[in-house]
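Report on the following structure.
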Amino acid sequence: MLIEQPPYLYRLLFPEAIWRIKQRGGRPVVYLTFDDGPIPEETPWVLDLLDRYGIKATFFMVGDNVRRHPELLEEVRRRGHSYGNHTMHHLQGMKVNARRYLRDVSEAAALIDSTLFRPPHGLIRWHQGKALKEHYNIVMYDLVTRDYSRKLTGEQVFDNVRRFARNGSIIVFHDSLKASANMRYALPRAIEWLLEQGYEFRPLPM
């Protein structure tokens, strides 16, 4: 649970970030998000699946992937999804200094026009977050499915959604090669289960 649903004390380390968007009244809402794309092997499959269910999501994109596949950013935009900056080279903020990290974010921003930013691995230094907050809405997560884990099966990834999803959850899947098998198993089942539970899907506002 320390990974799948970050505890309250961990969230307090990054008060400038958005972890969950609580809804009052009406249907419960979830925010489906995808990290680390776009890539031609996975992102089009995800887009087609979302179209099939008539739902919108948010894609946090690595700038270097957008550089290589700009048509996929255009396709995400054309289909009505929102998208955000996930750094140029998928840098973990805790491993580099602020100058290098912010330069990497700016390089990605030249390709990804968005006010949304998600740090890779959900980790940034305090002063990095403070600087980024001046230009971005920093989006973390309420539920990480762990579809990327080779220690989990697709069924276990799906179970993470059933165990931890709640009203206002920002849910993370990955449109990446590493997550492919688990994501392709769990994502359609998670969508169907959430719809059965009465959830509405919304993209994060840009």
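If the cut-off is 19 Å between C-alpha atoms, which lysines fall inside it for K95, apart from same-chain ones fewer than 8 positions away?
Here the lysines satisfying the reach criterion relative to K95 are K130.
Could you list which residues have their amide H under 5 Å from that of I18, counting only those 5 or more apart in sequence or on another chain, with H placed in the peptide plane?
Hits under the 5 Å cutoff: I138, V139, M140.
Assign unit charges at the C-beta atoms only (+1 for Lys and Arg, -1 for Asp and Glu), then state the dipole size of region 59-121 relative to its Cα centre in Debye, rounded to the nearest 20.
Values: 10 positive and 7 negative charges, 41 e Å.
With Lys and Arg at +1 and Asp and Glu at -1, about 200 debye.
From the residues H90, G168, L111, which one has its Cα farthest along the dipole of region 88-197 in the positive direction, the dipole being from +1 and -1 charges on Cβ of Lys/Arg and Asp/Glu about the Cα centre?
Working it through, the farthest residue towards the positive pole turns out to be H90.
Output ³J(HN,Hα) for region 191-206: one whole-Hz value per residue in order, computed from phi by the Karplus curve 6.51 cos²θ - 1.76 cosθ + 1.60 with θ = phi - 60°, and x for Gly and Pro.
Those phi angles translate into 4, 4, 5, 5, 4, 4, 7, x, 6, 9, 9, 9, x, 6, x, 8 Hz.
Need the full-extension length gain, L12 to K95, defined as separation in residues times 0.36 nm minus the C-alpha distance. One decimal, nm. Before the final figure, lay out the partial values.
Numbers: separation 83, 0.36 × 83 = 29.88 nm, distance 2.06 nm.
Additional length available on full extension: 27.8 nm.
Using the Karplus equation 6.51 cos²θ - 1.76 cosθ + 1.60 (θ = phi - 60°), what ³J(HN,Hα) coupling, rounded to whole Hz, does each residue of region 76-93 give in order, writing x for Gly and Pro?
Along region 76-93, the couplings run 4, 5, 4, 7, x, 8, 9, 7, x, 7, 10, 6, 7, 10, 6, 7, 8, x Hz.
Output wanted: per-residue J couplings in Hz (rounded whole) for region 94-109, from phi through Karplus 6.51 cos²θ - 1.76 cosθ + 1.60, θ = phi - 60°, x for Gly and Pro.
Coupling constants for region 94-109: 6, 9, 9, 6, 4, 4, 5, 5, 5, 5, 5, 4, 5, 4, 5, 4 Hz.
To the nearest 10 square angstrom, what accessible area does S180 show with a 1.4 Å probe?
Answer for S180: close to 20 Å² accessible.
Tell me which residues come under 5 Å, amide H to amide H, from E200 once H is placed; ignore anything under 5 positions away on its chain.
Residues meeting the amide H criterion: V29, V30.
Sorted by average packing, counted as other Cβ atoms within 10 angstrom per residue and highest first, what order do 30-41, 112-123 take? Provide the component values of the computation, followed by the final result.
Working: 30-41: 23.5, 112-123: 20.0.
Descending mean neighbour count gives 30-41, 112-123.
The values are calculated or read from the model by the stated rules, or taken from the named source; none is laboratory data. Given the structure is predicted, the values throughout are model-derived calculations rather than measurements. Here the Cβ is made from the backbone with ideal geometry for all residues, glycine too, and neighbour counts use every protein chain on show. We work out accessible area using only protein heavy atoms, side chains counted, and drop any ligands, DNA or RNA first. Shrake-Rupley method; radii C 1.70, N 1.55, O 1.52, S 1.80 Å.
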